[in-house]
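First, the structure itself, so that you have it in front of you.
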Amino acid sequence: MDDGAIALARHKLDADEFYRMAVAGILRRQDRVELIDGDLIDMAPIGQGHEATVAGLNEALVVAYAGRAIVWPQNSLRLNRLNVPQPNFTVLRRRADFYATGERASPANVLLLVEVADSSLDFDRTVKLPLYARSGIADSWIVDLKGRTLFVHRRPAGDRYGEMTTHQAGERIALALEPEIVVSLDLMFPG
Amino acid sequence: MDDAGIAPARHRLNVEDFYRMAEAGIFGEDDRIELIDGDLIDMAPIGQAHAGIVNALANALYKACEGKAIVSAQNPIRLDRASEPQPDLAVLRPRADFYATGEPPGPDDVLLLVEVADTSLNFDRVVKLPLYARAGIAELWIFDIKRRVVDAFKGPSGNGYAETITYRAGETVGLACAPDIAVKLNLVFG
C-alpha cells in the first residue's frame, strides 16, 4: 500500500515563464540555469580543461564559419515549450542582426550544436541528445573531455540519431548541412 | 586537470525566489504550488471528500481553539529558506494581528499541522513528514481518507517523530501541547 509511487508532481515551467524569471532577476546569467523538460537545471560547474576546450573550439568554429554563419557561444536556445538548454556552441544560419530582434533563434536556424562534457557527459547523452534529436538538430556534437573524443551525431529520427561517429583531436570534419565547410579539431584539447 | 566533478542537478529555489515568481505573475491564479526543499510542487487537486474533511475538521477546530489559538486553513507555513508548504490546516499560537504583518508563521508558531491525504498520502508521509519533523513542527496529524484513520505524530526527532498514535472514527484526538484542544473524529469522518 504505502510503498507505492510517491504522488509528487513537480510544477513544470514553460519557456515564457523561464524568460520572465530572467527578466525579473530571479535567474541571473551567473546562475547558469537551463530549462529541461520544464525543470530548472543547474549546469555543471566549468572546469579548467572545459574552458580551454571551449576556447579552442571557438577559434576553430569561427575560422570555419567566418562570414557564413553565426557562432553563438553559451547562449540559450529555445527548442520548444518546455526546453531552453544552453549548449556550449550553437552555430546559427546567418541573420543580419545576429538574432538581436525578431524571432528568437530556434532549431530551424541551427546548423550545428556542440556540448562540451565532463561530469555532464551522462546528462548530455541521455537527456539532452534525445531532445536535440526530437528538435531535428541535424548535427549534434558532444566532446567527451575525459575520453578526449568527439562524438558526432547526425540523421535525427524521433529521439535518436541514426548515425554516430567518433573523432580525435587533429581530424577535420565536414559539416552535415554545409559539407564545403570544414572544421579543424587541432585545438579541441589544447592542454 | 579538470576540477569539475558535479553533474547537472535541479536548480533549487528559495522562498524569496518563490515570492518574486508570484509577484512577476509567473504562477497563474489557479496554480496551487508549494515550495518543498527548493522544488516547486503542484499540489494534488482537492477532491470532494478531502474538502469535506477539511471543512468538518476546521469547524471542530475553530470551536476547540476559540480564544486559545488561531486556525489557519490552506495557508503557507514558512519552514525554512527552501520550504514553504501549504498544509490543509494549521493551529497557530495566538497573535493579535492574525499574522497579517511581520514574520510569516514558522515552526515556532505552529501548535499543530494537519494534512488530509488521498492521492497525496505517500507524498505526505515520505516527503512532508520528514520535512515537518526536521523543522521541529511539534505535532502533525495525517488524515487518511481511504482508511478513515488519523495518524497523530508527536515529538519531532531528526527525520521522524518519536510517537505515532492511530485514531479511528469514534475516538477523540487532542493536542499534546494543548490538551484542552481536542476533536471528536465522528464529527469529521461523518
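Every number here is computed from the coordinates shown, using simple stated rules; none is lab data. As the structure is a prediction and not an experimental result, all values here were calculated from the model. When we count neighbours, we look across all protein chains shown, and the Cβ atoms used for this are built from the backbone with ideal geometry, even at glycine.
Separation between the residue B:23 and residue A:126 pseudo-spin-labels, each 7 Å from Cα along Cα→Cβ, expressed in nm?
Once both label points are built, they end up 3.9 nm from each other.
Then there's this: When a footprinting reagent is the concern and you count Cβ atoms within 10 Å, what order do B:120, B:157, A:106 take, fewest first?
Going from least to most buried by this count: B:157, A:106, B:120.
At a Förster distance of 22 Å, what's the computed FRET efficiency of residue A:148 paired with residue A:177, Cβ-Cβ distance as r, to 0.05?
0.25
Measuring from label point to label point, each 7 Å out along Cα→Cβ, what is the residue A:23 to residue B:147 span in nm?
Modelled inter-label distance: 4.9 nm.
Most mobile of B:25, B:158, B:38 per a Gaussian network model of chain B (Cα springs, under 10 Å)?
Highest fluctuation among the options: B:25.
Measure out, as a whole number of angstrom, how far apart the alpha-carbon centroids of region A:137-185 and region A:79-93 sit.
Spelled out, the Cα-based centre of one part sits 17 Å from the other.
If you don't mind, there's one more thing I want to ask. Using a cut-off of under 17 Å, list every residue of region A:66-81 whose amide N is near the label point 7 Å from the Cα of residue B:31 along the Cα-to-beta-carbon line.
A:81, by backbone N distance to the label point.
Follow-up. Past 29 Å, Cα to Cα: identify those pairs from B:63/B:128; B:68/B:154; B:68/B:146; A:128/B:128; B:63/B:146, in the order given.
B:68/B:146; A:128/B:128
Still on this structure, I have one more. Which distance in Å, rounded to a whole number, links the C-alpha centroids of region B:11-77 and region B:138-190?
20
Quick one: helix B:48-65 against the long Cα principal axis of chain B, what's the angle to the nearest 10°, folded into 0 to 90?
Result, in degrees: 70.
Please sort by residue number the trypsin sites (Lys or Arg not before Pro) in region A:51-134 whose DSSP state is loop and whose Cβ has at most 15 other Cβ atoms within 10 Å.
Passing sites in region A:51-134 are A:68, A:81, A:94, A:95, A:104.
Okay, moving on. Would you mind calculating the gained length between residue B:187 and residue B:12 on full extension (0.36 nm times residue separation, minus the Cα-Cα distance), in nm to one decimal?
58.9 nm
Taking the beta-carbon count within 10 Å as an exposure proxy, list A:167, A:50 from fewest neighbours to most.
A:167, A:50
In a GNM of chain A with a 10 Å cut-off on Cα contacts, which of A:87, A:107, A:179 has the highest mean-square fluctuation?
Taking springs between Cα atoms under 10 Å, the residue moving most is A:179.
Projected onto the charge dipole of region B:51-190 (+1 at Lys/Arg Cβ, -1 at Asp/Glu Cβ, origin at the Cα centre), which of B:106, B:159, B:57 gives the Cα projection farthest towards the positive end?
The one lying farthest along the dipole's positive direction is B:57.
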